[in-house]
1. Can you tell me which condition Gly304 does not meet? The list is (1) part of a loop (DSSP other than H, G, I, E, B); (2) surrounded by fewer than 20 Cβ atoms within 10 Å (Cβ to Cβ); (3) under 21 Å from the mean Cα position of the chain (by Cα), and all the others hold.
2. On the given criteria, is Pro276 open to solvent by 10 Å² or more (accessible area, probe 1.4 Å) and either in a loop (DSSP other than H, G, I, E, B) or touching an Asp or Glu at 6+ places or on another chain (Cβ under 7 Å) (or both)?
3. Can you confirm whether Ala42 is assigned to a loop (DSSP other than H, G, I, E, B) and either modelled with pLDDT of 85 or more or not β-branched (Val, Ile, Thr) (or both)?
4. Inside the stretch 140-164, can you point out the residues that are on the phi > 0 side of the Ramachandran plot and in a strand (DSSP E or B)?
5. Provide a single number: the residues in the stretch 63-97 that are at pLDDT 90 or above, of a type outside the set (Ser, Thr, Tyr) and not in a loop (DSSP other than H, G, I, E, B).
6. If only one of Leu254, Leu231, Leu249 is under 20 Å from Pro276 (Cα atoms) and in contact with a Pro (Cβ under 7 Å, 6 or more places away or on another chain), which one is it?
7. Any residue that is in a strand (DSSP E or B), surrounded by fewer than 22 Cβ atoms within 10 Å (Cβ to Cβ), touching a His at 6+ places or on another chain (Cβ under 6 Å) and among the aliphatic types (A, V, I, L, M) - is there at least one of those in the stretch 213-222?
8. Return yes or no: is Asp113 surrounded by fewer than 16 Cβ atoms within 10 Å (Cβ to Cβ) and under 24 Å from Ser65 (Cα atoms)?
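The values are calculated or read from the model by the stated rules, or taken from the named source; none is laboratory data. Keep in mind that this is a model prediction, so the values were computed, not measured. Here the Cβ positions follow ideal geometry from the backbone for every residue, glycine too, while neighbour counts run over all protein chains shown. Just the protein is used for accessible areas: all its heavy atoms, side chains included, with ligands, DNA and RNA removed. Shrake-Rupley method; radii C 1.70, N 1.55, O 1.52, S 1.80 Å.
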Amino acid sequence: MTRDGQPDHPVTLDRPPPGPSTRPRRRWWAAPVLAGCLLLGAAAPPGRSAAVTGPVLPAGAVLLSAGALFLVADPSTLTAYGPDGRPRWRAPAPAGAWTAASVADLVLVTARDDARQVTGTTAYAADTGQPRWRRPDRVQPAGAAAVAVTEVRSVADPGQRVQGAVRGVDLATGADRWSVPVPSTAVLAASPGRIVVVHDTGLARVHDVRHGAAIAETRLPPAGYAPDNPLVVGDHLVLRHPAPGGTALTGYDLPALTPRWRRLLPVGETPAPGCPRLLCLAGVTDRRALDPATGAQVWRWPGGAGWQPVPGEPDPTRQVLLRPGGDGRALVVAVDRDGPRPGGTLPAGTRDCHLVADALACRDPDGRLTVRPATGT
């Protein structure tokens with residue numbers, strides 16, 4: 001039973017009741033099944049295919065993912081592996097710590113120094129690893145395009161805010177295609193075909209990524225603006241901000257930035273990644289998903305608060321979450337618009353997992369690269 005005295009179902013669907021001629025679908029992850037699968041120590045279903053074991057990874061290597069590639073970066077070499085665990089290419093690695101992303105036919109690798117300040121972004125051909133171009137700033141995808149930003153220098157919170165300008169990047173050459181000034185500081189939210197620049201004054205502008213032209217603008221409520229606030233979820237922008245009675249979420253249409261709904265958040269609940277095409281919220285014990293168009297609850301998952309998304313570029317239809325268990329194993333669950341679906345367990349000692357296409361690439365207990373199906377593990 002839940003704290004409010006209701007049955008503790010794993011997922012509660014808040015949808016209109018079916019009409020007279022519609023039969024409700026039966027969910028195979030109904031309460032007894034999902035509860036049993038998620039209990040630590042419960043027997044997990046056997047994998048649909050065996051894991052592929054690769055080479056021992058250097059102890060100090062940084063593991064990254066970019067689209068359908070799994071990257072291993074050591075101080076001198078960047079090695080790319082496919083979702084089958086086989087090496088695709090090797091290239092010289094930029095100096096420093098790295099983050100990676102993919103856009104079009106490129107892999108973008110951004111390096112940072114010991115103070116976590118950006119030292120540049122290198123673009124590699126995704127199929128061969130051939131370096132194409134390099135820029136001194138941070139380059140990030142915006143759908144099928146990319147934009148470059150200069151971060152506000154900060155040791156405590158690097159990457160939280162940008163300044164100077166947001167620039168559209170020519171993917172063929174790395175040159176600027178357009179520039180939007182940022183007079184003070186701002187945060188950036190990207191979606192396919194457009195970006196939303198939220199200035200520190202609360203002024204939010206939507207720009208087309210082809211030419212940088214402003215499409216719409218509005219004044220947002222005062223808030224703790226950051227890379228995860230506001231969030232772009234599908235064709236909607238969702239902002240977390242103070243409101244009478246506590247903290248609220250407000251949903252806006254894109255690209256017009258028309259406000260559509262507002263909801264107060266329960267104490268302790270915050271937006272969290274892990275709900276493709278939905279707004280995921282993690283509370284003290286539960287995880288739930290809201291429709292970004294209306295703010296209505298779509299499903300609720302008691303016990304889902306502690307699950308963490310596997311790093312990797314977001315799948316538009318599904319996300320994979322992990323939760324370490326008391327015996328060293330990690331439980332796996334896939335989340336889509338219909339809610340969570342259990343996927344089994346990972347062996348004890350598995351670590352550094354990344355989602356690559358439809359596979360999980362991890363270090364196994366012996367430090368080897370291991371690639372296995374993202375579900376049915």
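1. The single condition Gly304 does not satisfy is (2).
2. yes
3. Details: assigned to a loop (DSSP other than H, G, I, E, B): yes; either modelled with pLDDT of 85 or more or not β-branched (Val, Ile, Thr) (or both): yes.
Yes.
4. If we filter the stretch 140-164 for residues that are on the phi > 0 side of the Ramachandran plot, which is where we start, we get 143, 159, 164.
Gly164, the sole residue that qualifies.
5. Residues in the stretch 63-97 being at pLDDT 90 or above, of a type outside the set (Ser, Thr, Tyr) and not in a loop (DSSP other than H, G, I, E, B): 16 in total.
6. Numbers: Leu254 fails: in contact with a Pro (Cβ under 7 Å, 6 or more places away or on another chain); Leu249 fails: in contact with a Pro (Cβ under 7 Å, 6 or more places away or on another chain).
After ruling out the rest, the residue left standing is Leu231.
7. Yes, because at least one residue in the stretch 213-222 is in a strand (DSSP E or B), surrounded by fewer than 22 Cβ atoms within 10 Å (Cβ to Cβ), touching a His at 6+ places or on another chain (Cβ under 6 Å) and among the aliphatic types (A, V, I, L, M).
8. Values: surrounded by fewer than 16 Cβ atoms within 10 Å (Cβ to Cβ): yes; under 24 Å from Ser65 (Cα atoms): yes.
Taking the combined requirement at face value, the residue satisfies it.
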